[in-house]
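A.B. asks: Just dropping this structure here.
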Amino acid sequence: MSRRRTLGTKKKIALLVGAATVAGGGAFVMANASNAAQTTQDARTKAAQDAGVCQGLATALGNNQRFIEGQRASPDAQSQARIENREAVVAEIERKQAASGCAVGESAQDSQTAQPPQAGQEAGGQDTGARTGDQAGEQVCAGSTVTLSGEGGAPAASSNQFPVGTKLRVTNLDNDKSTTVEVNSVSGSCALLNNAAFEQVREEGKFLIRRALIEKVG
């Protein structure tokens, strides 16, 4: 005659506690793995943002340095004043580089790499799409990136292609923000926005607009 073995109350409790510990340990491991993955993703996102900040500041610095070199190579009556103004801008950009953890003094030239036509544009560069609340303009400087000049004051732009008084509309195609500003000085790029104008169209944490639509309006 067989006898059925029964577990004592203490053994049952011990088994239940052990099972709960194993389950809890598995959940802990999964939570740690999830947190580690999120931390890695956050680190990658921050690194990409930092790279965008540093590249934008380097481009702005390069544009201003190129302008200074041009003024020194072909001076006129106003060149010295322009150079002094730009040297102050260069100092401000280098201060921003230091504050952002970028290599201070690192510079790059404005990219002129052509981009494929965007929706609503023809290959010839003319914008065929309608503008909400504003007249469509003539697209210029196709493929140019846009950064800031580092200058203060009311929203404005500087350019090496358009005379003072020209109105330009700059649209950031990555967030669909645009600003229409008047050229008030010369620079080393098709269109450089001063600090106030750049703030109106930039993406958070970035000092470079890679996909820009620049239009001459008015």
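Throughout, read-outs are computed from the coordinates displayed, never taken from laboratory work. These numbers come from a predicted model, not from an experiment. Backbone-built Cβ (ideal geometry, glycine too); neighbour counts: all protein chains shown.
A.B. asks: Which ³J(HN,Hα) values in Hz, rounded to whole numbers, follow from the phi angles of the stretch 90-104 under the Karplus curve 6.51 cos²θ - 1.76 cosθ + 1.60, where θ = phi - 60° and Gly and Pro get x?
C.D. replies: Per residue, the Karplus-derived 3J(HN,Hα) values read 4, 4, 5, 5, 5, 5, 5, 4, 5, 5, 8, x, 8, 6, 5 Hz.
A.B. asks: Next up: Which of the peptides 69-80, 96-107 is most tightly packed, and how do the rest follow, judged by the mean count of other Cβ atoms within 10 Å per residue?
C.D. replies: Details: 69-80: 11.5, 96-107: 15.3.
Packing order, densest peptide first, comes out as 96-107, 69-80.
A.B. asks: Separate question: So who's got an amide H within less than 5 Å of the one on Gly143, skipping anything under 5 residues away but keeping other chains? H placed 1.01 Å off N, in plane.
C.D. replies: Amide H to amide H, under 5 Å and 5 or more residues apart or across chains, Gly143 pairs with Gln115.
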